[in-house]
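Notes follow the structure.
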Amino acid sequence: MAADRQSAGAAPKFRFRELFEEKNRGLLLDVLVFVANILVMRFLTRLFIDLFSEVSAENPLAKLALGLTFLAMWILPAAGAVLKRWHFHQRLRAQGKTAESAETGLAGCLFNPLFYFCLNLVITSAVLTGLGEFLFGRRLLNTSAVVVPLIVTGFILTIVQTFLIYRYFSPPKKPPQSRFLRSPQSEVLGDICLFLNMMLFQVFWNMLTFADLGSPSSLLEFGGRLFFLSFIALLIYFPPRMFYLAEDINRRRTWLTMLLANSPVILRVLIGTSSNTMTGW
């Protein structure tokens with residue numbers, strides 16, 4: 001009897017196959033980011049640094065590639081939000097929850113649309129700079145007839161994009177008319193969009209590891225570097241992760257796995273970076 005009570009009171013064990021369930025997509029993302037940061041992300045970041053060098057050398061194809069990269073970072077989260085919205089709220093409803101029930105004080109600050117809108121404006125500016133100059137040449141920089149309409153259009157589209165992203169957190173009043181948006185394939189495709197978006201963000205996060213930083217010379221410098229890295233990690237990791245954070249923010253392991261995902265970059269910069277190796281360890 002005592003053994004039965006102990007068994008009933010024990011916390012359920014996490015099984016490996018549960019990692020691939022829809023409700024644990026955030027955990028799966030953290031694990032994949034951690035592995036990528038150890039194995040391949042430095043290599044990919046090196047490629048992007050070379051791409052920036054080509055852009056500085058006025059290579060038009062490099063400008064196009066960089067502009068398309070920023071365009072992907074702009075489109076992917078909105079596409080993922082639209083594709084996953086119905087399934088996300090269906091899952092919460094089946095659990096007797098709502099998106100608002102998972103909100104905490106910290107979440108209320110982080111989920112503020114103004115934060116994401118400002119980030120999107122930065123990405124929009126990068127898209128207009130990269131693709132605009134490729135499409136319009138130097139007229140983009142010298143002619144107000146080209147610059148002003150592009151800026152206004154980019155601003156309006158950013159408002160629409162931010163609306164689509166934050167509409168994800170409000171439950172739909174009725175099922176989507178599209179049969180595809182109601183199908184499981186829709187959520188899988190949405191997850192692919194969000195995972196790719198996260199990897200692009202990680203490329204820019206890993207650029208810190210190519211800075212020529214030596215080891216901290218004092219405990220004060222170590223603490224300052226740790227605070228700076230933790231703050232930047234939150235700003236960079238949260239935007240592509242927030243879609244899953246809305247579902248698992250109250251799970252105790254969530255913040256630990258998010259820290260684990262960012263730990264390779266944080267540790268590299270804390271102990272001093274090395275741009276001469278692909279792994280940096």
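The values are calculated or read from the model by the stated rules, or taken from the named source; none is laboratory data. Nothing here was measured: the structure is a model prediction, and the numbers come from that model. Every residue, glycine as well, gets a Cβ built from its backbone with ideal geometry; the counts of neighbours run over all protein chains shown.
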Looking at (1) over 20 Å from PHE201 (Cα atoms); (2) surrounded by fewer than 19 Cβ atoms within 10 Å (Cβ to Cβ); (3) at pLDDT 90 or above, which is the one condition that is false for PHE117? (1)
Would you please list the contacts, defined by Cβ atoms under 6 Å and residues six or more apart or on different chains, that run from a residue in the range 201-223 that is of a type in the set (Gly, Ala, Ser) to a residue that is in a loop (DSSP other than H, G, I, E, B)? ALA211/THR273; GLY214/GLY272; SER215/GLY272
Among the residues of the range 205-223, are any closer than 15 Å to ASN24 by Cβ and in a loop (DSSP other than H, G, I, E, B)? no
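If only one of ILE165, ILE151 is surrounded by 14 or more Cβ atoms within 10 Å (Cβ to Cβ) and in contact with a Leu (Cβ under 9 Å, 6 or more places away or on another chain), which one is it?
Values: ILE165 fails: in contact with a Leu (Cβ under 9 Å, 6 or more places away or on another chain).
Within the list ILE165, ILE151, the selection yields ILE151.
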Which of the residues that make up the range 138-176 are part of a helix (DSSP H, G or I), under 23 Å from CYS193 (Cα atoms) and of a type in the set (S, T, N, Q)? THR158, GLN161, THR162
